[in-house]
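No value in this document is a laboratory result; all are computed from the given coordinates. Owing to the predicted nature of the structure, the values given are computational and were not obtained by experimental measurement. Here Cβ is always computed from backbone atoms with ideal geometry, including for glycine, and neighbour counts include all displayed protein chains.
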Amino acid sequence: MSEVAASKSIPAAPVFWLVLVAAAATFALTMGTRQTMGLFMSPLNTATQLGIANISLAFAFGQLWWGLTQPFAGAMADKVGAGRVLFAGTVLVAIGTFITPYMTTTLGLILAIGVLSAGGAGMAGPAVLMAATTRLIPPHRRGLATGIVNAGGSFGQFIMAPIAGFLMVGIGWANAMQVMGLLVLLCLPAAFLLKGNSLQSVPAGQKVVGTGEALRTALRNKSYLLLGAGFFVCGFHVAFLATHLPGVIASCGLPVQYAAWSLAMIGLFNIVGSVAMGWAVGRWRMKSLLSMLYVVRGLAVLVFLLAPKTGPVVLIFAAVMGVTFLSTVPPTAGLVAKFFGTTNMATLFGVVMLTHQIGGFLGAWLGGKVFEATGSYDWVWYIDIVLAVGAALIHLPIQEAKLPAPARPAAA
């Protein structure tokens, strides 16, 4: 029996929290594993002698490939069902992470980190997970739901970064990376709960819009293009931090423990930011929330550059970055659903995620190139501030309907 046919036997309204736990746990394990890879950059460089720039290229390719897979993964999920796509993606993440320690060339690292692991994480990533969640959750609870699922990725980073650091000390970096790959397989059962496709969300009697027509319509929509441009900046910022924050901290002369805990702080505080943003999207216009997030990012980076680089300062900076880290996802996903509905959301949000990861490629790659050329990450921070200001401004022209005024209680 096909997944689509089997999914028709699933109740129309699955238990709210069960759906969220499945989606959030999947995102926690796949994102948590990917976001700890920066901890392995220095050991990889020591073992392979390839240089930080070449290893950064593999990480940067992973950022790009993670984005490139999402529109196609979304289209597959819209047609054959999310469960199959999530299952395949989880297996690929595990394989790619497990074989990375055996790679001794740049091409080998690109294959393991950039193609297998990142591609699998893209298949089991936000485009498919957010679309599956919005399809299975009632409309009035979607804002909170996407915030909770997004927080799952952050919780994964909060948990997985210290685990990776502990394993590296206890059993060595290579064994630690392989254990991380095996842990990803724990999210396989979620694929069976989240199965189904977007045809289930089409109201009775409504015409089904094909993927090609939906894409053409979206690419003619100015607000959708502006949203994608803003998300490009988010990708640059997130990938630079995930890949190079351990290197930034090492260049400040601080112990490696601060690198692991800084990544964990980003994950912990992004839980707060994601859930708060999920709550906020039902109360304020999403484009305004996105502009606010980018202003906070730019100011935080500026203050960090001017502040003394002590352990507490680094951890406070990581906490502030965590609040804004992936809290851009709920309002961005919400705007896509608001513009075009949920029928082709996995595909259309996947395209927006592609722009995010093009920015991610540049953030990861430029970080390594600039550091090798100048011995410092300062110029990347300067670029990041300028991009944050630009992203704050670019969301303002987005055409988003004002939220309806709250109903007043009837007069006695």
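7 Å from Cα along Cα→Cβ at both residue 369 and residue 295: what's the point-to-point distance in nm?
3.3 nm
So for 266, 316, fewest C-beta neighbours within 10 Å to most, what's the order?
Sorted ascending by nearby Cβ count, the order is 316, 266.
Which angle between 0 and 90 degrees, to the nearest 10, do you get for helix 222-251 versus the longest principal axis of the chain when only C-alpha atoms count?
30 degrees
Please give the net charge around residue 51, taking every other residue with its beta carbon less than 13 angstrom from that of residue 51, where Lys and Arg add +1 and Asp and Glu add -1.
Once all neighbours under 13 Å are counted, the net charge is 0.
Helix-only estimate, please: 222 nm mean residue ellipticity of the chain, summing -39500 (n - 2.57) across DSSP H runs of length 4 or more and dividing by its residues, to the nearest 500.
Taken over the chain, the calculation gives -24500 deg cm²/dmol.
With label points built 7 Å along Cα→Cβ from the Cα atoms of residue 279 and residue 229, find their separation and express it in nm.
About 3.3 nm, to one decimal.
What's the exposure ranking of 378, 78, going from fewest to most Cβ atoms within 10 Å? It would help to have the intermediate numbers written out before the result.
Details: 378 13, 78 29.
The fewest-first ordering by Cβ neighbours comes to 378, 78.
Mind checking which of 254, 239, 353 is farthest towards the positive end of the chain's charge dipole, using Cβ charges of +1 (Lys, Arg) and -1 (Asp, Glu) about the Cα centre?
Result: 353, furthest along the dipole toward the positive end.
Can you put 382, 102, 224 in order of Cβ neighbours within 10 angstrom, beginning with the fewest?
Taking fewest neighbouring Cβ atoms as first place, the list is 102, 382, 224.
For region 18-31, just list the computed ³J(HN,Hα) in residue order, Karplus coefficients 6.51, -1.76 and 1.60, θ = phi - 60°, integers in Hz, with x standing in for Gly and Pro.
So the Karplus estimates, Gly and Pro as x, are 5, 4, 5, 5, 4, 5, 5, 5, 4, 5, 4, 6, 6, 5 Hz.
Compute the angle between helix 52-80 and the longest alpha-carbon principal axis of the chain, please, reported from 0 to 90 degrees and rounded to the nearest 10.
10 degrees
Hey, what did the chain get for relative contact order, percent, Cα under 8 Å, at least 6 apart?
Computed value for the chain: 28 percent relative contact order.
Once the Cα atoms of helix 173-184 and of the chain are each reduced to a long axis, what angle between those two axes, in degrees from 0 to 90 to the nearest 10, is obtained?
Between the helix axis and the principal axis of the chain, the angle is about 10 degrees.
Could you tally the net charge around residue 221, taking each other residue with its Cβ under 14 Å from the Cβ of residue 221, Lys/Arg +1 and Asp/Glu -1? Walk me through the numbers on the way to the answer.
Values: positive: 216, 220, 222, 287, 338; negative: 213, 400.
Around residue 221, the charge tally is +3.
Points 7 angstrom from Cα along the Cβ direction at residue 219 and residue 102: gap in nanometres?
If labels sit at residue 219 and residue 102, their model points lie 3.9 nm apart.
For region 293-308, what does the Karplus curve 6.51 cos²θ - 1.76 cosθ + 1.60, with θ = phi - 60°, yield as ³J(HN,Hα) per residue in whole Hz, taken in order and with x for Gly and Pro?
4, 5, 5, 4, 4, x, 5, 5, 5, 4, 5, 4, 4, 8, 7, x
Please work out the C-alpha center-to-center distance from region 21-63 to region 258-286 and express it in whole Å.
Cα centroid of region 21-63 versus Cα centroid of region 258-286: 21 Å apart.
How much length is gained on full extension from residue 389 to residue 251, taking 0.36 nm per residue of separation minus their Cα-Cα distance?
47.0 nm
Within the set of other residues whose C-beta is less than 13 Å from the C-beta of residue 238, count the net charge using Lys and Arg as +1 and Asp and Glu as -1. Working shown, then result.
On the way: positive: 34, 297; negative: 384.
Within the 13 Å Cβ shell, the charges total +1.
Tell me, in nm to one decimal, what length is gained between residue 175 and residue 305 on full extension, where the rule is 0.36 nm per residue of separation less the Cα-Cα distance?
43.2 nm
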